[in-house]
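The structure appears right after this line, and notes come after that.
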Amino acid sequence: MSRFEAKKPSLCKTEPLTSERVRSTLSVLKGILASCYGPSGRLKQLHNGLGGCVCTTSQSSALLRNLSVTHPVLKVLTAAVQNHVTCFSDCGLFTAILCCNLIENVQRIGLTPTTAIKLNKFLLSFCTGYLKSEACSCRIPVDFSSTHIFLGLVHSILTSKPACMLTRKETDHISALILKTFLLTIPESAEDRIILGKSIVVPVKGQGVTDSTVLPGLLVEMSEVQLRRLLPTQKSSALKVALFCVSLSGDFSNAGEGTLVVPYQVSLENAVLEQLLNLGRQLVSDHVDLVLCQKVIHPSLKQFLSKHHIIAIDRVGVAIMEPLSKVTGATPIGSLNTIASSAYGSIKDVCSARLGSKHFFHLIPNEATVCSLLLCGRNDTAWEELKLTCQTAMHALQLTIKEPWVLLGGGCTETHLAAYIRHKVHNEAEDIVKEVGYSRAELQIAAEAFCRALESVAGSLEHDGGEILIDMKYGHFWSGQSDSASVVHWPDMLSRCGCGLYNSQEGLSWSFLKSTHHPFAPQTCLSQTAVGSASNLTVDCFTAKLSGLQVAVETANLILDLSYVIEDKN
């Protein structure tokens, strides 16, 4: 077929980062993301001109999903951050802001992209090596005999999402609830490998957040009338369960393509109904107590099962089929043929549950590795944000089980890392120069740009024009009131550092974060006494933040290395 118009040539642009348009767009994106960062971050409302849902959020996953980005360079950045969030759930804003800072700083310092990229790689390996070492003083080992660190991690994630609109009491309640939910997914008897269970978030909107609760097992929402008809059961032992992923309505939705040939005087409906009733007879003979169907069950089959005291529930939906299989141990049945005995599962008991105006059919498992978090919220916007935050916190706890450490939050890890890099580069410059093959001046310029990028991420936590400082002993982040710059006696104006580990009455000295000061050696080997005595510790997920650091540097290097952008305009 001939074209109606001639094919347009591809558009080729050299050195995309030299374009003022790209630089200004990158700066705008960084400004949007940085203004959302931290507990006092500003909310963003995203909507399109065609109508639809309005999203109010400060979370990177929701922001980048709803933000329209057109330039290829920015698409690379947002895609990398979204991929990180998909894998680790947390530290998306940290990753994006650090990446933007690195790109901007490298453009200012005058080093060639090749030199900057190689030195960035070295500094990244330097950071990761330190963060994984025993000498690292911003990494805290997790004590599994105590909930102190776990609650601190969940609390830190919740308080960093202002769109959840939680009070202190609500934050404490949800933090404890998330931890309890997570603990319910851990099997009681674990061998070499722990296989975690699953938690299902059940929406209960219109109720107060403190009404939220968690129940072992699964909840299937239904009307009060249906519940009264199904319950109570008259069996004291475990209930045998059949789980169907195929429709039991008697339709032909899965017949496939082609012609269906029906013999003369044969009623198709009667034949299918007879097949369904034969299936019901097998369920009765196999002593099944509960039938769960993803789709629809034919009314005649329902009546037949009810007559034989079998509970039949249909339309459970595809979303909870996997949890149902895990709770019951049943294999989803995908045909109307004879059912193998191994396909059946069992549960301990069934009962009813109620929260607010909602009624649920409650499946209580033999071993509770699947649970239901009934999450309440005052309105749709706050509930959606809270649901996403709870899922992030649950994922962070799972990652912490695998790598049992957390990093100090509140900007302290970033400023401590920057101080540590400056000290090492200043004191060990000759050895590093021999290793990387660049001059001492190039190393110091690249290291300063890298440290400034880290400090700028920490500085993004301050949104009210306050003074940002770093102490000269630990290298931690401190924030003071905006009118306190003229005050000489800082201990009276400051309370605790960003992570909450140290207070201002410890004989510390401070310097403004963006001021020039002589490199100093921040104290390493974290004191466990200080960790134990800190009541409100702000911490970050170790795995997520370490990955975010790596993704930010590698993505920045990739963008800095771009020489051409070729766009197909057809």
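Here are some notes:
- Residue list for region 309-349, restricted to those being in contact with a Gly (Cβ under 9 Å, 6 or more places away or on another chain) and β-branched (V, I, T): I310, V327, T328, T331, I347
- Considering region 430-474, and only residues there that are within 18 Å of F520 (Cβ to Cβ) and of a type in the set (F, W, Y), the residue that is surrounded by the fewest Cβ atoms within 10 Å (Cβ to Cβ) turns out to be Y474.
- Candidate set: region 16-35, residues that are modelled with pLDDT of 90 or more and in contact with a strand residue (DSSP E or B) (Cβ under 9 Å, 6 or more places away or on another chain); chosen: the one most open to solvent (accessible area, probe 1.4 Å): I32
- For the condition open to solvent by less than 10 Å² (accessible area, probe 1.4 Å) and of a type in the set (D, E, K, R), E403 does not qualify.
- Restricting the first member to region 133-151 and to residues that are outside any loop (DSSP other than H, G, I, E, B), and the second to residues that are of a type in the set (S, T, N, Q), the beta-carbon pairs closer than 6 Å and six or more apart or on different chains are L151/S175.
- Which listed residue is open to solvent by 30 Å² or more (accessible area, probe 1.4 Å), among the aliphatic types (A, V, I, L, M), in contact (Cβ under 8 Å) with a residue 40 or more places away in the chain and under 23 Å from V22 (Cβ atoms), from V69, V106: V69
- Region 52-74: number of residues that are under 21 Å from the mean Cα position of the chain (by Cα), over 20 Å from A544 (Cα atoms) and not hydrophobic (A, V, I, L, M, F, W, C): 3
- Test set (1) farther than 24 Å from W405 by Cβ; (2) surrounded by fewer than 21 Cβ atoms within 10 Å (Cβ to Cβ); (3) small (G, A, S) - A176 fails condition number: (1)
- Here is the figure for region 551-570: residues that are open to solvent by 60 Å² or more (accessible area, probe 1.4 Å) and modelled with pLDDT of 85 or more total 3.
- Breaking point among (1) assigned to a helix (DSSP H, G or I); (2) at pLDDT 95 or above; (3) within 21 Å of the chain's Cα centre (by Cα), for L183: (2)
- From the options V69, V28, residue that is part of a helix (DSSP H, G or I), over 30 Å from V406 (Cβ atoms), assigned by the TED database to the domain that holds A556 and β-branched (V, I, T): V28
- Candidates S285, S267 - the one that is open to solvent by less than 50 Å² (accessible area, probe 1.4 Å), without any contact (Cβ under 8 Å) to a residue 12 or more places away in the chain and over 22 Å from L227 (Cα atoms): S267
- F477, sole failed condition from (1) outside the structural domain of L74 (by the TED database); (2) modelled with pLDDT under 80; (3) buried (at least 17 other Cβ atoms within 10 Å of the Cβ): (2)
- G38 meets all of the listed conditions (1) open to solvent by less than 30 Å² (accessible area, probe 1.4 Å); (2) in contact with an Asp or Glu (Cβ under 9 Å, 6 or more places away or on another chain); (3) part of a helix (DSSP H, G or I) but one, namely (3).
- Listing of strands (runs of 3 or more DSSP E) fully contained in region 288-356 that carry 2 or more residues being over 25 Å from P187 (Cβ atoms): 290-293, 311-313, 349-355
The values are calculated or read from the model by the stated rules, or taken from the named source; none is laboratory data. Quick caveat, the model's predicted, so the values are computed rather than measured. Here Cβ is always computed from backbone atoms with ideal geometry, including for glycine, and neighbour counts include all displayed protein chains. Accessible surface is based on the protein model in full, side chains and every heavy atom, while ligands, DNA and RNA are left aside. Shrake-Rupley method; radii C 1.70, N 1.55, O 1.52, S 1.80 Å.
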